[in-house]
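Structure, as structure tokens:
Coordinate-derived values only; no laboratory data. All of these numbers come straight from a predicted model, not from anything done at the bench. Note that each Cβ is placed from the backbone with ideal geometry, even for glycine, and that neighbours are counted across all protein chains shown.
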Amino acid sequence: MVKSKILLPRYFRYIGIFLTMAGIVMSVIRFGYGIKPDFLEVKVFVVYAAYLQTSEFRFITNNISEEICGITLLLGLSFLAFSRFKTETEELWVLRTKAFMYSFYSLTILMIFCLVFIYGWGFLIVMTANIILYLLIYNIWFHLFFFRASREVSD
């Protein structure tokens, strides 16, 4: 099947599971418990940063724990979403497309809700979470559809 060539190899699914779990654990440690390990305080090059002062195109000292959490979750969820199954079929492509559309609709409704009811820093946090939410919602819809389809076949 030609369409499956755009998907990642199957072993990326296992890497995705590991990275997603690691990202969740690190995010709970970082954001849930507020822990910022000192060894992650490093000099980084920024294109633009605005904290107490604005920095452009220079090196600043920053704790990169948030970036590590975000990158780990993004990679893990992406690998889960875009790695092929052992056997790719037309039915799986239909499920992938359906999950894509449902996740787009779900996230659009969620963002409209947030635009109407959340303001200030809270909205900035929601917009930052939006980066990961799309992949998370896509994976949830896809695996829900996949589970339902596999139950129907086995009945």
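Quick notes on this one:
- Rounded to the nearest 0.05, the FRET efficiency derived from the C-beta distance between THR108 and ILE71 at R0 = 30 Å is 0.75.
- Most mobile of TYR105, TYR134, TYR51 in a GNM of the chain (Cα contacts under 10 Å): TYR51
- Of VAL46, VAL28, VAL94, the residue with the greatest mean-square motion in the GNM of the chain, using alpha carbon springs below 10 Å, is VAL46.
- Considering only THR72, THR108, THR20, the Gaussian network model of the chain with Cα springs below 10 Å gives its largest mean-square fluctuation to THR108.
- Estimated 222 nm signal from helices in the chain, with DSSP H stretches of n ≥ 4 weighted -39500 (n - 2.57), rounded to 500: -22000 deg cm²/dmol
- The stretch between PHE59 and TYR11 holds 13.6 nm of extra length on full extension. This uses 0.36 nm per residue minus the Cα-Cα distance.
- Förster-model FRET efficiency, 35 Å R0, VAL46 and VAL126, C-beta, rounded to 0.05: 0.90
- Taking 0.36 nm per residue of sequence separation and removing the Cα-Cα distance, the ARG148/ILE35 pair yields an extension gain of 36.7 nm.
- In the list (1) 59; (2) 45; (3) 48, the label attached to percent of Cα pairs over 21 Å apart as derived from the coordinates here is (1).
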